[in-house]
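For reference, the structure is listed below as structure tokens.
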Amino acid sequence: MINKIWFFLIFIGLLYSFITGNNNMNSIVLNSADEAYNLLISMIPLIVLWSGIMNIANDSGLLHKFSKLLRPILKRLFPSVKSDKPLDYIASNVAANMIGLGSAATPYGLKAMEELQKENNYKSKASEAMITFLVLNTGGVTLIPMTVISMRMMYGSINPTSIIIPSIIATLISSISGLVIDYIIRRKNAK
């Protein structure tokens, strides 16, 4: 489905450029590719740094302690999860997302889904726990949006950290809304 949407958007853009006589498409494509490359090169050190910090936190047992701290909340959010291993990965994913490092959170999210799939009775269908984790991961609370702050710094923002309070508010609202809707749907399906 997403391929069709992208095709449609590109087609409309090309059609519009032909109708309006705007023949700058090549320069726009090349400039966009150059900007994307520069953005990628400038973001890699940040991703490597925080991924390394997350690995150190994991190896030192800090993530396990954080997982124990979150375990009572996670057990309530994921009542069908039997073992603690998926909850540890979920807690690690939540920790990385809280400091705004989605790229560092991805490996923990994948491992959490892998562990949740092991407990899934219907392998061709997502379990309730998998859906709840997806909702939690998508709307996850971000306390310090490091990636956004670094991008704002790269593009010369006067106050790159001014995004912190709006980010906390927006992600709190999205997380709570998503989890409430997930809970309502789970209760409805249980009946």
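Every read-out reported here was derived from the displayed coordinates using simple, explicitly stated rules and does not represent laboratory data. Every value quoted in this text rests on a predicted model; they were computed, and no experiment measured them. As a convention, Cβ positions derive from the backbone with ideal geometry for all residues, glycine included, and neighbour counts pool all protein chains shown.
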### Task
Springs between alpha-carbon atoms under 10 Å, Gaussian network over the chain: tell me which of Pro160, Pro107, Pro72 tops the mean-square fluctuations.
Pro72
### Estimated vicinal HN-Hα couplings, Hz - the stretch 131-147 in sequence order (Karplus 6.51, -1.76, 1.60; Gly, Pro = x)
5, 4, 5, 4, 4, 5, 5, 5, x, x, 5, 10, 7, 10, x, 4, 5
### Task
With viscosity set to 1.306 mPa s and temperature to 10 °C, compute the Stokes-Einstein D of the stretch 47-124, Rh being the Kirkwood radius across alpha carbon pairs; µm²/s, no decimals.
125 µm²/s
### Among Ser174, Ile164, Pro145 the positive-end extreme of the charge dipole of the stretch 119-191 (Cβ point charges)
Ser174
### Task
Using a 10 angstrom cutoff on alpha carbons, build the Gaussian network for the chain and name the most mobile of Leu49, Leu87, Leu15.
Leu15
#### Entry: Karplus-derived HN-Hα couplings along the stretch 43-50 (A = 6.51, B = -1.76, C = 1.60, θ = phi - 60°), whole Hz, x at Gly and Pro
8, 4, x, 5, 5, 5, 4, 6
### Distance histogram in 5 Å bins (all Cα pairs of the chain, percent per bin)
1, 7, 12, 14, 15, 14, 13, 10, 7, 4, 2, 1, 0
#### Entry: Cross-link reach list, aspartates and glutamates versus Lys68, counting only Cα pairs under 14 Å and skipping chain neighbours closer than eight places
Asp84, Asp88
#### Entry: Prolate/oblate/rounded call for the stretch 1-80, Cα gyration tensor, a/c under 1.5 rounded
oblate
### Reachable lysines, given that their alpha-carbon falls under 21 Å from the alpha-carbon of Lys118 and they are not under 8 places away in the same chain
Lys75, Lys82, Lys85
## Note on the structure
Per the 1/(1 + (r/R0)^6) rule, R0 = 35 Å and r from the Cβ atoms of Ser80 and Asn3, FRET efficiency to 0.05 is 0.55
### Query
Dipole of the chain, Cα-centred, from +1 at each Lys and Arg C-beta and -1 at each Asp and Glu C-beta, to the nearest 20 debye?
940 debye
### trypsin sites (Lys or Arg not before Pro) restricted to the stretch 54-151 and DSSP loop, no more than 15 other C-beta within 10 Å
Lys82, Lys123, Lys125
### Query
So how long is each side of the stretch 64-103 along the principal axes, counting just the alpha-carbon atoms, biggest first, in Å?
28, 17, 15
### Query
What 222 nm value per residue comes from the helices of the chain, counting each DSSP H run with n ≥ 4 as -39,500 (n - 2.57) and dividing by all residues, nearest 500 deg cm²/dmol?
-27000 deg cm²/dmol
### Query
Straight-line reach from Lys123: which aspartates and glutamates have Cα under 13 Å away, leaving out those fewer than 8 places along the same chain?
Glu114, Glu115
